[in-house]
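The structure appears below as structure tokens.
The values are calculated or read from the model by the stated rules, or taken from the named source; none is laboratory data. Please read all numbers here as calculations on a predicted model, not as lab measurements. As a convention, Cβ positions derive from the backbone with ideal geometry for all residues, glycine included, and neighbour counts pool all protein chains shown. Note: areas computed on protein heavy atoms with side chains; ligands, DNA, RNA excluded. Shrake-Rupley method; radii C 1.70, N 1.55, O 1.52, S 1.80 Å.
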Amino acid sequence: MSILLTGGVGFIGSHTAVELMNQGIDVVIADNLSNSEASAIDGIEQITGRRPVFYPIDVADPELLDDLFCEQSIDGVIHFAGYKSVGESVAKPLQYYRNNLDTTLTLLETMQKHKVKTLIFSSSATVYSACEQVPFTEESQPLGCSNPYGWTKYMIEQILKDLCVSDADLSVVLLRYFNPVGAHASGLIGEKPSGIPNNLMPYITQVASGILPKLHVFGDDYPTPDGTGIRDYIHVVDLAKGHVAALAYADRHQGCEVFNLGTGKGYSVLDVVRAFEQANDLSIPYEIAPRRAGDIAVCYANTQKAEAVLGWKAEKSLAEMCRDSWRWQKSQERE
Ligand code: UFG
């Protein structure tokens, strides 16, 4: 079986490539490297002993994508490609709508032309962000996203649902990720944020290595036990395994299904700081700063559906997430 990973050089894509290849599945990657580095392909090869086929193309280019589908025999697609920064999407909404929607529409038209019927889509818990009830179940009704990035995920989910109504042979799985962190235990692949990180874990690892002086904790007056925001952090290797389970499910079913991929456990910002300090035996200086616009107090998953239907459950602890994130950061500094 041969699976196309759009955006397969990125953080979640590269870890998913490893888990698929570990299962003997052939991987073809299409990625324009706009927010990733080709060195991740070397990492995938070092970990698995095999090199994925790589097309350095923009998935929004219909001719280049068509060439790929003509040259490779693709059985299914996992669609990761897309811009992913919440803050940037607020500043550059047109860029986000154009890129994320164009990429998806071109991919779907090309799949239709080549009669490829299986798709797994990288969605996000951000579609829940205005809901009030936690834990979020797949049935939680989104009340509107707080930023253009979230809306692109929401809109693409709708496009895929509509497409499944039009073609009963399609099998589409929407995976709503919570907060992916960590890195492969080999230290050979991980997250490479460009510039100052927006997300908590890469920010903490850069404070730990002295690149940044201290962490700013965005708000300590939320209605949570310690006042800081609570999120569902999930190890990227667990998340990658969720894609393997979703692909196996998609092989057996038609229609469109949505699954949360989280751990079901929420940790506050200060819980993460303490876990990182303990796991790695160092200290993270921090100060309390004002709330960040658009943040919600608490976000974590109800994971029962993924457990029952996909037979998948996240296994790695917060301590492992912290250890693996730090190992990856140190390996970057040795380069
Ligand atoms: N935080 C800080 N300081 C920082 C960075 C973050 O205190 O420097 C706090 C945030 O306020 C929040 C928590 O750490 O309470 C997590 O923040 P992240 O930026 O790491 O993650 P978010 O939950 O804001 O967003 C992430 C992804 C989105 C995705 C969303 C889904 O970045 O792409 O999860 O829930 F949509």
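Some observations on this one:
- Scan of segment 263-297 for residues that are part of a strand (DSSP E or B) and either surrounded by fewer than 18 Cβ atoms within 10 Å (Cβ to Cβ) or without any contact (Cβ under 8 Å) to a residue 12 or more places away in the chain (or both), ordered by number: TYR286, GLU287, ILE288, ALA289
- Tally of residues being within 20 Å of ILE44 (Cβ to Cβ) and either within 15 Å of the ligand (Cβ to nearest atom) or among the acidic types (Asp, Glu) (or both) across segment 213-241: 4
- Qualifying residues in segment 42-82 (those that are of a type in the set (Asp, Glu) and over 23 Å from LEU239 (Cα atoms)) - the one least open to solvent (accessible area, probe 1.4 Å): ASP66
- Among the residues of segment 251-262, just one is buried (at least 22 other Cβ atoms within 10 Å of the Cβ) and among the small types (Gly, Ala, Ser), namely GLY262.
- Failed criterion for LEU200 (all others in (1) farther than 23 Å from ALA246 by Cβ; (2) away from the ligand (no atom under 12 Å from the Cβ); (3) buried (at least 18 other Cβ atoms within 10 Å of the Cβ) hold): (2)
- Residue count for segment 164-198, restricted to those that are polar (S, T, N, Q) and part of a strand (DSSP E or B): 2
- Residue match in segment 123-134 (condition: in a strand (DSSP E or B), at pLDDT 95 or above, more than 11 Å from the ligand (Cβ to nearest atom) and of a type outside the set (A, V, I, L, M, F, W, C)): no
- Of the residues making up segment 178-190, those that are farther than 10 Å from VAL236 by Cα and either within 13 Å of the ligand (Cβ to nearest atom) or free of Cβ contacts under 8 Å to residues at least 60 places away in the same chain (or both) number 1.
- Some residue of segment 74-85 being in contact (Cβ under 8 Å) with a residue 40 or more places away in the chain and assigned to a helix (DSSP H, G or I): no
- For segment 203-212, filtered to residues that are part of a loop (DSSP other than H, G, I, E, B) and either open to solvent by 50 Å² or more (accessible area, probe 1.4 Å) or small (Gly, Ala, Ser) (or both), the residue that is nearest to the ligand (Cβ to nearest atom) is ILE211.
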